[in-house]
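First comes the structure, then the notes that go with it.
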Amino acid sequence: MKVLKVLRPLDPIIFTLILFLAIFLIKNSLSQKSNKVLVKANGKNYEYTLDQEGIFQVEGALGYTTFEIKNHAVRIIDSPCPNKNCVHQGWASPLVCLPNKVIITIENYGEFDAISE
């Protein structure tokens, strides 16, 4: 029983093409990742970046929603809504405060990668 097979003439070429395709797909997937934080508050759109660390406020239907951007993540700190479900969502995307009509998302967060698309 022979374990090693002899390479055929086209095997190195096929292997090289597969390797370049894999590198291209990985590079393309990494370059498409965004760092935009998109905020929709009471019909108005705002845009931040994940590099803009700090505490921000947007005006919703009931008042101001306060959110924090830190370590390339976002969370709602305070909102005038009665049940505060949006505050308890933690560091996530999307963040939704229905009573105050505020939606915060990180662009391309949780999107499929190049291989699964």
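The values are calculated or read from the model by the stated rules, or taken from the named source; none is laboratory data. None of the values given here were measured: they were computed from a predicted structure. Heads up, the Cβs are rebuilt from the backbone with ideal geometry, glycines too, and the neighbour counts pull from every protein chain shown. Just so you know, the surface numbers come from the protein's heavy atoms only, side chains and all, with ligands and any DNA or RNA stripped out. Shrake-Rupley method; radii C 1.70, N 1.55, O 1.52, S 1.80 Å.
Couple of notes before you dig in:
- When every residue of the stretch 12-23 is checked against the conditions, none turns out to be open to solvent by less than 40 Å² (accessible area, probe 1.4 Å) and not in a loop (DSSP other than H, G, I, E, B).
- Scanning the stretch 63-89 for residues that are in a strand (DSSP E or B) and open to solvent by less than 50 Å² (accessible area, probe 1.4 Å) turns up 65, 66, 67, 68, 69, 73, 74, 76.
- Of all residues in the stretch 90-107, those that are under 15 Å from residue 45 (Cβ atoms), not in a strand (DSSP E or B) and not charged (D, E, K, R) total 1.
- Residue 43 being modelled with pLDDT of 90 or more, surrounded by 11 or more Cβ atoms within 10 Å (Cβ to Cβ) and under 27 Å from residue 84 (Cβ atoms): no
- Qualifying residue in the stretch 21-29 (condition: at pLDDT 85 or above and either touching a Gly at 6+ places or on another chain (Cβ under 9 Å) or not polar (S, T, N, Q) (or both)): no
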